[in-house]
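Working notes, structure below.
Since every read-out is calculated from the coordinates, none of them should be taken as a lab result. None of these values were measured; they are calculated from a predicted model. Quick reminder, even Gly has a Cβ in these numbers, built from the backbone with ideal geometry, and neighbours come from all protein chains shown.
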């Protein structure tokens with residue numbers, strides 16, 4: 001590759017391409033990655049440390065930049081996922097175990113750049129998993145297909161569960177004594193911020209543009225994107241955001257005092273310590289990672305970001321309603337059948353009487369309006385639709401609306417494409433169904449599957465390139481034009497490659513739903 005420290009040599013031997021290791025010099029130090037098999041000119045660098053390992057006395061401390069190294073570092077294997085419990089083997093989301101560790105703050109980079117000055121747009125993926133599971137190494141997150149379309153793709157790990165979000169008065173005092181903010185919790189958000197700082201410092205060596213960075217994530221990854229758009233610590237570290245099926249604008253615990261009927265995070269942390277049977281953070285740090293993980297599962301530790309006055313200075317809903325978020329263009333959206341893989345099918349009432357009684361108890365004076373939207377004539381569909389709308393339709397449109405209010409483009413999508421397979425009819429466009437298409441990592445199947453991958457990844461790459469999902473790359477020139485969402489014109493696009501065009505433009509998605517949940521959630525339209 002001409003004029004580029006990234007050296008890739010492909011040697012043709014008996015008509016087979018043999019990939020020679022790829023050498024790269026970056027500010028952090030020299031590394032050796034590898035060519036991606038079957039993807040001409042795409043290289044991948046795996047397991048790059050971006051933060052100091054949060055182990056031993058550094059458990060529950062905020063992320064700091066990983067040090068430089070002098071010799072060559074191999075970057076040909078993924079680092080371990082952050083320590084976590086596996087999904088049940090009966091879960092739709094169960095995957096074979098991947099090695100885990102508390103020493104887990106690593107990232108991975110895919111690039112097709114041939115020169116350091118190419119300044120390709122950068123996309124940073126934040127995985128989902130309820131803030132308790134997952135990692136940046138899953139095959140579905142492989143970045144080669146997106147790198148082929150001209151971006152530099154980064155996936156990161158971040159601390160999970162009690163390791164990433166535990167707060168306690170002793171930790172807050174510990175931080176105050178060391179000259180920090182005197183708070184605790186939200187360590188995982190600082191991991192993500194540190195990952196973005198790493199991108200700023202190093203991504204140019206991979207041919208990426210640190211001044212054109214898009215963060216994107218799904219489910220808890222989308223919650224994390226919402227956190228990053230809200231936190232002042234990430235200001236200037238990214239320039240666009242994509243949120244897929246998740247936001248963090250609901251109730252939040254405050255670090256030091258009860259708020260909205262929710263106990264303080266420090267009180268919750270103190271009760272957890274008592275339940276574990278220790279009385280100091282020092283003793284809690286003496287537990288092995290596996291012991292602490294087991295204890296958090298036994299005592300039902302509830303993982304969530306909190307209002308700490310520093311990482312997250314206020315309720316995220318208030319930060320957005322007051323226009324105090326990081327003002328960047330966004331793509332946000334959700335899927336039509338979010339609940340089919342999230343246990344909602346097991347919550348369908350047995351009969352109409354139970355359904356109506358539950359609705360009236362929950363919604364009071366709004367119950368009649370609710371029953372008009374979600375009639376008792378089809379309990380299964382009404383249960384699924386109300387789950388989708390209560391958790392996703394309202395919140396993702398609210399995110400779009402708040403973005404438009406600060407004069408930034410917001411693009412809303414509704415993903416109704418049903419992945420092919422034996423459960424296509426039963427699961428529909430389930431929670432996380434869109435990921436494979438956003439990454440264009442579509443397995444063999446009907447032609448419309450490949451069409452969906454090309455279509456959605458084009459929109460995502462276009463947006464990362466220019467801030468507009470329309471037409472930046474040649475293969476996207478004839479795609480349906482996607483208009484921005486505003487309070488007066490609630491444009492959206494429906495993504496479904498089973499239809500002729502694959503994308504259908506519309507206005508006022510699921511009429512009346514946003515207004516109903518504004519009332520149901522006790523919030524006047526803003």
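A compact table of results
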item: Computed Kirkwood radius, in angstrom, where 1/r is averaged over Cα pairs of the chain; result: 24.0
item: Evaluated over the stretch 79-203, the Cα radius of gyration and Dmax, each in Å; result: 16.9, 51
item: Nitroxide proxy distance, nm - points 7 Å out along Cα→Cβ at residue 92 and residue 23; result: 4.9
item: Added length on full extension, which subtracts the Cα-Cα distance from 0.36 nm per residue, residue 177 to residue 318; result: 47.7 nm
item: For the stretch 212-249 and the stretch 136-196, distance of Cα centres in Å; result: 12
item: Residue order, fewest to most beta carbons within 10 Å, for 287, 196; result: 287, 196
item: Efficiency of FRET between residue 508 and residue 37 - r from beta-carbon atoms, R0 35 angstrom, step 0.05; result: 0.15
item: Viscosity 0.890 mPa s, temperature 25 °C, Stokes-Einstein D of the stretch 237-362 from Kirkwood C-alpha radius, µm²/s; result: 132
item: Least to most buried among 437, 414 (fewest other Cβ within 10 Å first); result: 414, 437
item: Efficiency of FRET between residue 444 and residue 299 - r from beta-carbon atoms, R0 56 angstrom, step 0.05; result: 0.80
item: Cα gyration tensor category, rounded, prolate or oblate, for the stretch 316-443 with a/c compared to 1.5; result: oblate
item: The chain: calculated mean residue ellipticity at 222 nm from DSSP helix runs of at least 4, using -39500 (n - 2.57); result: -8500 deg cm²/dmol
item: Percent of beta bridges antiparallel (DSSP, the chain, rounded to nearest 5); result: 45
item: Exposure proxy ranking, count of Cβ atoms within 10 Å, fewest first, for 328, 152; result: 328, 152
item: Whole-Å distance, taken between Cα centres, linking the stretch 460-515 and the stretch 384-454; result: 12
item: Residue-span extension gain [residue 425 to residue 499] - 0.36 nm each, minus C-alpha spacing; result: 25.1 nm
item: Potential lengthening between residue 287 and residue 211 on full extension [0.36 nm per residue; Cα-Cα distance subtracted]; result: 23.2 nm
